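Notes to accompany the following structure.
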Amino acid sequence: MSRRVRASQEMREGFGLTQMEPPDAVREWFETLFNRQPFTDAAIAYFRTLRLEAGDLSGAHGGGFWWGDQRLVQVRGAQDEAAIHELAHAFWHDARERGSNARELMNAVVRLADEPDPRYRDAQRLAHDYVHGIPTQPDPSSPTGFWRGMLVEENDWEMFAGLASGCMGDMRRLPPYVRRFYAGLFVGAEPARPSEPGPRRTS
């Protein structure tokens, strides 16, 4: 079991923890994540420039944070889904500011919410919730009394990260008009050349 170190201020604020994993153990865990998940080489190179922190890697605890001003990705535990989600936030932080990327992504998610192709059913269901909300999910802060989704607040960053972790980086689970926003982050997001097969995981 790795030694524990004093938690950073962000770890204390985000998770209320007083101790966290040491930097070498965190880096080692993220390196294994990079090898088993379909990130591009360019994305991995970028992630290696970030601060990376983990609360407790002894279990697959969910939850995480992206502290954009600190260029810090935090995960509560050793859960791939949470790490993919926060790393997607890190990638989109700057990408969303380029041109009309943020608006175009939201438009694509609105289209995805009504996507009829059964190949993208899971992503379609997520998008539907993001666009229309979940009437059965109470939200005391909402004027309707239920969670109204992300579109009402134009929350493109959670849409992006939610779809990334929702499909676990498998670009075959997103239609091309959504997949294109993940180019540079995940293998298979770039359109296939005419002579090539569809997107697939590469080693």
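The numbers here are math on the coordinates, done by the rules we state, and not lab data. Nothing here was measured: the structure is a model prediction, and the numbers come from that model. Here the Cβ is made from the backbone with ideal geometry for all residues, glycine too, and neighbour counts use every protein chain on show.
Springs between alpha-carbon atoms under 10 Å, Gaussian network over the chain: tell me which of 16, 169, 145 tops the mean-square fluctuations.
Taking springs between Cα atoms under 10 Å, the residue moving most is 145.
Just from its helices, what would the mean residue ellipticity at 222 nm be for the chain, if runs of 4 or more DSSP H residues each count -39500 (n - 2.57) and the sum is divided by every residue, rounded to the nearest 500 deg cm²/dmol?
Taking each H run of at least 4 residues, the total per residue is -12000 deg cm²/dmol.
Which semi-axes, in whole Å and largest first, does the equivalent ellipsoid of the chain have when worked out from the alpha carbon gyration tensor as the square roots of 5 times its eigenvalues?
Working: eigenvalues 164, 106, 42 Å².
The answer is 29, 23, 15 Å, longest axis first.
Calculated FRET efficiency, residue 101 and residue 3, Cβ-Cβ r, R0 35 Å, to nearest 0.05?
0.25
For a quick check: sort 34, 39 by the number of other beta carbons within 10 angstrom, fewest at the front.
By the 10 Å Cβ count, ascending, the order reads 34, 39.
Run through the DSSP bridge list for the chain and note the antiparallel percent, rounded to the nearest 5. Walk me through the numbers on the way to the answer.
Details: 9 of 14 bridges.
Looking only at bridges with both residues in the chain, the antiparallel portion is about 65 percent.
Using the Kirkwood radius over Cα pairs, work out the Stokes-Einstein diffusion coefficient for the range 60-128 at 4 °C and 1.567 mPa s, in µm²/s as a whole number.
Working: Rh = 13.7 Å.
Using the Kirkwood radius from Cα pairs, D works out to 94 µm²/s.
Give me the dipole magnitude in Debye, nearest 20, for the range 103-172 about the Cα centre, with unit charges on the beta carbon: positive for Lys and Arg, negative for Asp and Glu. Numbers along the way, then the final one.
Values: 7 positive and 12 negative charges, 36 e Å.
Computed about the Cα centre, the dipole is about 180 debye.
Show me the three semi-axes of the equivalent ellipsoid for the range 5-95, from the C-alpha gyration tensor (sqrt of 5 times each eigenvalue), largest first, rounded to whole Å.
19, 15, 11
Mind checking the dipole of the range 5-95: about its Cα centre, +1 per Lys or Arg Cβ, -1 per Asp or Glu Cβ, Debye to the nearest 20?
On the way: 8 positive and 14 negative charges, 22 e Å.
That gives a dipole near 100 debye.
Calculate, for residue 69 and residue 152, the FRET efficiency according to 1/(1 + (r/R0)^6) with r their C-beta to C-beta distance and R0 35 Å; round to the nearest 0.05.
E(calc), rounded to 0.05, equals 0.85.
Mind listing the phi-derived Karplus ³J(HN,Hα) values for the range 152-158, rounded to whole Hz, using 6.51, -1.76 and 1.60 with θ = phi - 60°, and x for any glycine or proline?
Result, ordered by residue: 4, 9, 6, 8, 5, 5, 6 Hz.
If you place +1 on the Cβ of every Lys and Arg, -1 on the Cβ of every Asp and Glu, and leave all else neutral, what size is the dipole of the chain about its Cα centre, to the nearest 20 Debye?
Taking the Cα centre of the chain as origin, the dipole is about 400 debye.
Could you work out the local net charge near residue 70, counting Lys and Arg as +1, Asp and Glu as -1, over the other residues with Cβ closer than 12 Å to its Cβ? Working shown, then result.
Values: positive: 51, 71; negative: 10, 13, 53, 69.
Neighbour charge sum, excluding residue 70 itself: -2.
Rank 131, 79, 160 by how far each Cα sits towards the positive end of the charge dipole of the chain (+1 on Lys, Arg Cβ; -1 on Asp, Glu Cβ) and give me just the farthest.
Value: 79.
Among 118, 188, 7, whose Cα projects farthest towards the positive end of the dipole of the chain, with charges put on the beta-carbon of Lys, Arg (+1) and Asp, Glu (-1)?
188
Expressed as a fraction of 2.2 N^0.38 Å, the rule-of-thumb size for a compact globular protein of N residues, what is the C-alpha radius of gyration of the range 101-181?
1.07
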